[in-house]
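Encoded as structure tokens, the structure appears first; notes follow it.
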Amino acid sequence: MNPLSMADLLPLVPEGFLLASLCILLLADLFIPQSERSTTHWLTVAVLAFTAILVWRADADTSLAGSAFSGMFLNDGVATICKLFILLTSALALIYARPYLIARKLFQGEFYTLTGFAVLGMLLLVSAGNMLTAYLGLELLALPLYALVALDRDNGRSAEAAIKYFVLGALASGMLLYGISMIYGASGALDFGSIRAAAVSNSPHPWLYGIGVAFVVIGIAFKFGAAPFHMWLPDVYQGAPTAVTLFIGSAPKIAAFGLAYRLLDGALDPWFRYWQAMLVVLVLLSLTIGNLVAIAQTNFKRMLAYSTISHVGFLLLGFIAHSAEGYAAALFYAISYAVTASAGFGLLMLLSRVGFEAEEIADFRGLNQRNPWYALMMMLVMASFAGVPLLVGFLAKFVVLKAALGVANAELLWLVIVAGVFAVIGAFYYLRVIKVMYFEAPAEAASGPLPLPQDLAFRWVLSGNVLALLGLGIFGGPLISWCVRAIAGG
Amino acid sequence: MSQHLLSWLIWLPILGAVATVVMGSTSPQRARWIALSTALLTFGLSVFLLLNYASDQPALQFDENAPWIVALNLRYHLAADGISLALIALTTFTTVLVLVGAWASVSDRVHQYLASFLLLESFMLGVFCARDALLFYMFFEAMLVPMFIIIGIWGGPRRVYATLKFFLYTFFGSIFMLVGLIYMAVETGNLDLTYLANYPFTEREQFWLFLAFLIAFAVKVPMFPVHTWLPDAHVEAPTGGSVILAAIMLKVGGYGFLRFSLPITPDAAHELAWLVIALSLIAVVYIGLVALVQDDMKKLIAYSSISHMGFVTLGMFVAVLLVRESMISATGSVDGARLALQGSMVQMISHGFVSAALFSCVGVMYERVHSRMIKDYGGLANTMPWFAALMVFLSMANSGLPGTSGFVGEFMVILASFQSHPLIAASAGLTLIIGAAYTLWLVKRVIFGAVVNPPIAKLQDVNARELLVLGGFALASLVVGLWPAPLVSLMDGSVNEVLQQLSRVKI
């Protein structure tokens, strides 16, 4: 080990700043009275924004590119783009959460510190260059999330969801750790580069790698929520307060992409035949279970949970391609999914108010008559999820399918066709939401104009978020190019 | 501005739609005027394009080409040839009349209704201008959303079922086209339609690509046996929705064949022409017979649409056969193929006017009587003479009476198919009997006879606005019927270009 130097510390400035600010916030929050809680809120948002600037600066400064701490921490294009969008979607989640939390008397400092530490975990995760950093980041992400799900502690369903999440999440971490230990046993290394290199030196234990890869893939699938390791997802989405569901549903998907990319491409690339075959099964099951079960849901959050599973299926298609193009496509998919999901859950929170939890699809009934603007916004979000052109969801599906078809001799054509057919089946339940909003009259009890939260920041940012889906769908070229560049440089 | 005429054409209705929604939400009347002036302006622009189009040059004109999504090598490439321009003019013309027709008949959420039509117009114009396959696909799919909303909100009692069926059917069809596009993108790295038309796809590739395109466009046209969404959608759609659906959206399918199936996969088109011709003939004959037994007027016209669209696909693929035959024959003349293709194009335009007009007629009747059932009518000629006159004329056009546009296209296609095989011509010729049968029988039951139903006796004749809509369509049909030469010469260069592409053996 080299002695610690500034060259090691400088690339970590964004994470260091975030950590220090969170510690200060944690303390400062104790002295902020409940009536002034918004200070914590805006401070946290500002900290995330400033961290984003630091990430941007760290990327612009080419002397910081590469790795730090003997390869434990990577600072490359993929890390930068993942971090920026993790910070962006997390900030969105905070802004959308405020009116919701206030209305439910959950507006406490804990929400912000826990979210902040989860963000820190994600930043670390996407920069991991070593099995241990990856695991550390993953746990730093997971632990605050367990607590966040139980934020509404008097709600039985929340508590149940938190316990389920914790038990299954711990199991997943265990699987991942077990896989890592197998790979460590076979290669004698924890560093991604060394693990890759070990493949060349003709290992005496190929079966050890096989088991290791299998467990690592299972761990990743758990974290993504890919079928058949998706059981926690619907319960957690439904049980958690919507503000937390929004957070879990958006930024961690980008982090999960980072985890999968670092592990599968960075470390386990020589064994891609193993994980590719496993991913094909995961994709098929995720598409099938996600789309078919979503049709049967009446609860909006549960429906989005199953839709997430199917989107994970699409995202993993990019990994199956096992090419730079495929990883770039998966990255673009993760980003566009996170941005779309933010808007979707944000709109769901817009409908909720004191004493009324908008959760059922039926709660959207007649939204067009009650508030045409937000009905239009919701329609755009649903159309983006469904992959209708002119919205970003279409471009995301297009790049992923294109990458998967680009596999040698189009041998995965069948999988691409299956994915396409499931995209049509998936369109059905998104259309159902549009149908409820536009074609049905509002329920008797709620037929007046939609009572909107006073929070103007929430409303403006939400509308901007949805219009960004349209903007990215039409002018998404630069973002795709950015993803391609990030993967190519990394 | 002259550099970006087609962009203006596409984006103008979108701007108009935004203005209609924003400024017209409080005052329906203001929404109507904004929408109508947008549509008129777009129509004016399309007329300007027509006048400035050099029909003696087959090349694409008004070209716009800018990088769009660089990472995927996609370009924002718009251009128009004679065929596109004819359909563009049809689109803008029909949209104006649809908006006029909706003036008094729609009173619920007027601004949203009008804005949906303007959005729809812009997407349809986009389809006819796009020269990049993915750009085409995006417009092709985006069209579904406004139509979904139009049928779903302003439609009849079973509108939700009909609109979901419409959306999912077409979405399903186009997914295969998307896979085909992705395959081509991976294979060639370029999705420009001109480039793809020149790219040497192998026999196997062409075969599968052709099938992928066939599914997408056959659903859209629609061809037998994937036509079942159309009657439902037509029956439930509001009048304007039916008119646009019949007049333009179906043409998008035919246009797709012309831009994708024929140029990109000419050999597969030749190999599988028998399949498309067979399906077209089934549509012409069998669906014509189905139309005969309908007692819902909208359903009857919907089936008649399918039957007439059969001529469009028939003409195109007879042209494929004739081009390939001419290459091995001694004379090498492609006159027959040209006739078939021209007939097919004229049939598209003509059907646009005639079916739109007939759906408008049903709309006029429905507004007064609130029924689409034939048995609720009878003797309209006594109470609504002007309307009766127009409806009779339009029905004649629908059954292909010489002097109307309906005759020109069908006659050209039948004439050309004789050169291919007399049996094809004979089966297609049956339409003259079947088409006349169901149309005239409809007219007899609705227009003529004594007034039996009391509500009919109290009916008012068409007002000036309705007269304008029906008269506009009727006049267009008459002009094309009596003097098709300008339309044919407008498309002549482009038709020759398609024939040229068809004669290119890639394998």
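Every number here is computed from the coordinates shown, using simple stated rules; none is lab data. Note that this is a predicted model, so its numbers are computed, not measured. No Cβ is skipped: glycine too gets one built from the backbone with ideal geometry, and neighbour counts run over all protein chains shown.
Here are the numbers for the structure shown:
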read-out	value
For the stretch A:405-474 and the stretch A:1-50, distance of Cα centres in Å	35
Euclidean distance of C-alpha centroids, the stretch B:415-435 and the stretch B:111-144, integer Å	35
Chain B, relative contact order in percent, only Cα pairs under 8 angstrom and at least six apart counted	16
Efficiency of FRET between B:W386 and B:S329 - r from beta-carbon atoms, R0 51 angstrom, step 0.05	0.45
Convex hull of chain B built on C-alpha atoms - directionally averaged projected area, nm²	21.6
Vicinal HN-Hα couplings computed from phi for the stretch B:133-142 (Karplus, 6.51 cos²θ - 1.76 cosθ + 1.60; Hz; Gly/Pro x)	4, 6, 4, 4, 4, 4, 5, 4, 7, 4
Three principal axis lengths of the stretch B:252-295 [C-alpha, angstrom, descending]	42, 22, 6
Nearest-0.05 FRET efficiency for B:K458 and A:L132, computed from C-beta distance (R0 56 Å)	0.05
Inverse mean reciprocal Cα-Cα distance (Kirkwood Rh) of the stretch B:92-189, Å	14.9
Overall Cα dimensions of the stretch B:287-394, principal axis frame, Å, largest first	61, 26, 17
Relative contact order of the stretch A:6-489, pairs being alpha-carbon contacts under 8 Å that are 6 or more residues apart, as %	15
Degrees between helix A:251-260 axis and first principal axis of chain A (Cα, 0 to 90, nearest 10)	20
Distance (nanometres) between label positions extended 7 Å along Cα→Cβ at A:R157 and A:V418	3.3
Using alpha-carbon coordinates, inclination of helix A:131-149 to the longest axis of chain A, degrees	20
Calculated FRET efficiency for the pair B:T26/B:L430, C-beta based, R₀ 56 Å, to 0.05	0.55
Per-residue HN-Hα couplings for the stretch B:456-472 [Karplus 6.51, -1.76, 1.60; θ = phi - 60°; Hz; x = Gly/Pro]	5, 4, 9, 6, 8, 6, 4, 8, 4, 5, 5, 4, 4, 5, 5, x, x
Cα-derived Rg to Rh of the protein assembly as shown, Kirkwood definition	1.02
Inter-chain shielding of B:175-182 (mean C-beta neighbours from other protein chains, 10 Å cut-off)	6
Size of the stretch B:84-147 as Cα extents on the principal axes (Å, biggest first)	39, 23, 11
Residues whose placed amide H lies under 5 Å from that of A:I32, excluding near-sequence neighbours	none
Kirkwood hydrodynamic radius (C-alpha pairs) into Stokes-Einstein, the stretch B:170-318, 25 °C and 0.890 mPa s, D in µm²/s	156
Pairwise Cα inverse-distance average, inverted: Kirkwood Rh of the stretch A:241-342 (Å)	14.0
5 angstrom amide H check on A:S67, placed H, neighbours 5+ away	A:N75
Angle between chain B longest axis and helix B:28-52 axis [Cα atoms, degrees, rounded to 10]	40
Distance (nanometres) between label positions extended 7 Å along Cα→Cβ at B:S503 and B:Y195	2.7
Rh (Kirkwood; distinct C-alpha pairs) - the stretch A:286-333, Å	11.1
Within 10 Å of each Cβ in A:129-137, the average number of Cβ atoms from other chains	0
The stretch A:121-159 versus the stretch B:261-279: alpha-carbon centroid distance in Å	57
Within chain A, helix-based [θ] at 222 nm, where runs of 4 or more DSSP H residues each add -39,500 (n - 2.57), nearest 500	-24500 deg cm²/dmol
Mean separation of Cα contacts under 8 Å, 6 or more apart, over the residue count of the stretch A:282-351: relative contact order %	25
Geometric extent, Cα atoms of chain A - Rg, Dmax (angstrom)	21.7, 72
Distribution of pairwise C-alpha distances over the stretch A:394-478, 10 Å bins, in %	13, 24, 32, 19, 9, 2
Listed residue pairs exceeding 25 Å between alpha carbons, taken from A:K397/B:K299; B:K251/B:K444; B:K251/B:K375; B:K220/B:K298	A:K397/B:K299; B:K251/B:K444; B:K251/B:K375
